[in-house]
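Before any comments, here is the structure.
The values are calculated or read from the model by the stated rules, or taken from the named source; none is laboratory data. These figures come from a predicted structure and were not determined experimentally. Because the Cβ atoms are built from the backbone with ideal geometry, glycine has one as well, and the counts that use them run over all protein chains shown.
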Amino acid sequence: MTENPTQTENTISGEMDRSSPLATATQSTYLFFLREKRVRWFMVLLSMACAALVYFLLSIVLGAVLVGFFNDSTVLSGNGGWRSMPLADAKAYYILLMLSIIILIPASYLAVRLFQKRGFRSLITVRSRINWRTLAISGLALLLPGLTIFLITTLFTPDDASISFDPVVFWPFFALSIMLIPLQIFAEEIFFRGYLMQSIAAFTRIRLIILAVPALFFALLHFYNPAEAYNDIWAKLSYITVALYIGWLVLKTDSLEASIGLHLAQNILAIVVVSSPFAPALTPTLLEVHDIDTKIEFLSTLALFGLHALILFKGTAIWRRFSPKR
């Protein structure tokens, strides 16, 4: 059968987004964007050096502010969570901690604008527009099952989890979270799954390397969490699984919207909805888990991601098949 060239071109450019909540390009125009734009290898390396330098300088500024604001080593370590400090200090600590990740945005922006001479949106998608529907579906496909699991656990196993909602302290932190969490996950995604994956793809076409290297850096970034004090292999595997799955979403969808949606939902669950005994809560949460088996948590993560992929790819396809034609 002869392929319609116009249809192929539209699919690659993203014009099919109107009819498909998850439009996957027929070839990887996103991943190998720097190759297609013929960005020289030394400019890619210079951009990496620029991103590292900008992040380092901004980190020094934030670190100085953090040390100047807090002189308690327990507070600076974060091991006590928000309960270990006055509310005003807890809010300031939360803001500064999130800013330490958000500064990846200006670092990535300057790197691509100064040395790669391309638009910032190309870190998200190379299609004609951002697919907000894919972002929303991806987020809800994880958020709703995750909320259901936590609520069932709280209702039927009260010894393992309980409601911890306190409106006096919850709402001020919630207001901060709805502003900071989207910026925080956006920063991580455009850097690790956008800038870093595209930069590595400028040197190799081996997708396993393109997927694994950013995933390793992302997982290492999260290995400082308190769970690692127990040298828990299942916690490490959970972080690696998260990094690999989010990276796989980028390979599968040829853009960043699905990974942003999933990461946003995951951080809402982890920061706003439920606190873990392994990680002292940065903010007051709705639910509190008293005891957790990291092996079960790892297996639950695998199951949630499997369900997420099923909803995102198969569920949307079934919906399009049986939905009324416009």
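With the requirement that a residue be of a type in the set (S, T, N, Q), part of a loop (DSSP other than H, G, I, E, B) and either surrounded by fewer than 17 Cβ atoms within 10 Å (Cβ to Cβ) or within 20 Å of the chain's Cα centre (by Cα) (or both), what does segment 109-144 give you?
Thr125, Ser128, Asn131
Look at (1) modelled with pLDDT of 85 or more; (2) within 18 Å of the chain's Cα centre (by Cα); (3) outside any helix (DSSP H, G or I); (4) over 23 Å from Val213 (Cα atoms) and you find that Leu304 fails only one, number (3). Among the residues examined, Ala212 qualifies as in contact with a Gly (Cβ under 9 Å, 6 or more places away or on another chain), surrounded by fewer than 17 Cβ atoms within 10 Å (Cβ to Cβ), in a helix (DSSP H, G or I) and of a type in the set (A, V, I, L, M, F, W, C). When you scan segment 307-324, do you find a residue that is in a loop (DSSP other than H, G, I, E, B) and at pLDDT 75 or above, even just one? No, the conditions are met nowhere in segment 307-324. The residue that is farthest from Asp293 (Cα to Cα), among those in segment 188-227 that are in contact (Cβ under 8 Å) with a residue 60 or more places away in the chain and of a type in the set (Ser, Thr, Tyr), is Ser199.
Consider segment 154-170 and keep the residues that are in a helix (DSSP H, G or I) and in contact (Cβ under 8 Å) with a residue 12 or more places away in the chain. The one that is nearest to the chain's Cα centre (by Cα) is Phe170.
The residues of segment 187-208 that are crowded, with 22+ Cβ neighbours inside 10 Å and among the aromatic types (Phe, Trp, Tyr), listed by number, are Phe191, Phe192, Tyr195.
Counting only helices (runs of 4 or more DSSP H) wholly contained in segment 1-83, the ones carrying 2 or more residues that are surrounded by fewer than 16 Cβ atoms within 10 Å (Cβ to Cβ) and modelled with pLDDT under 90 occupy 5-13, 41-69, 73-77.
Sort out which residues of segment 166-186 are touching a Pro at 6+ places or on another chain (Cβ under 7 Å) and surrounded by fewer than 13 Cβ atoms within 10 Å (Cβ to Cβ), and write them in order of number.
Going through segment 166-186, the residues touching a Pro at 6+ places or on another chain (Cβ under 7 Å) turn out to be 166, 169-170, 173.
If the condition is that a residue be touching a Pro at 6+ places or on another chain (Cβ under 7 Å) and surrounded by fewer than 13 Cβ atoms within 10 Å (Cβ to Cβ), then Asp166 is the only one that fits.
The one condition from (1) free of Cβ contacts under 8 Å to residues at least 12 places away in the same chain; (2) under 26 Å from Tyr93 (Cα atoms) that Phe173 does not meet is (1). Please determine whether any residue of segment 231-240 is more than 18 Å from the chain's Cα centre (by Cα), at pLDDT below 90 and part of a helix (DSSP H, G or I). Yes, there is a match, as at least one residue in segment 231-240 is more than 18 Å from the chain's Cα centre (by Cα), at pLDDT below 90 and part of a helix (DSSP H, G or I).
Scan segment 253-275 residue by residue and report those that are touching a strand residue (DSSP E or B) at 6+ places or on another chain (Cβ under 9 Å) and either basic (Lys, Arg) or on the phi > 0 side of the Ramachandran plot (or both).
First, pick out the residues of segment 253-275 that are touching a strand residue (DSSP E or B) at 6+ places or on another chain (Cβ under 9 Å): 270, 273-275.
Hits for segment 253-275: nothing passes.
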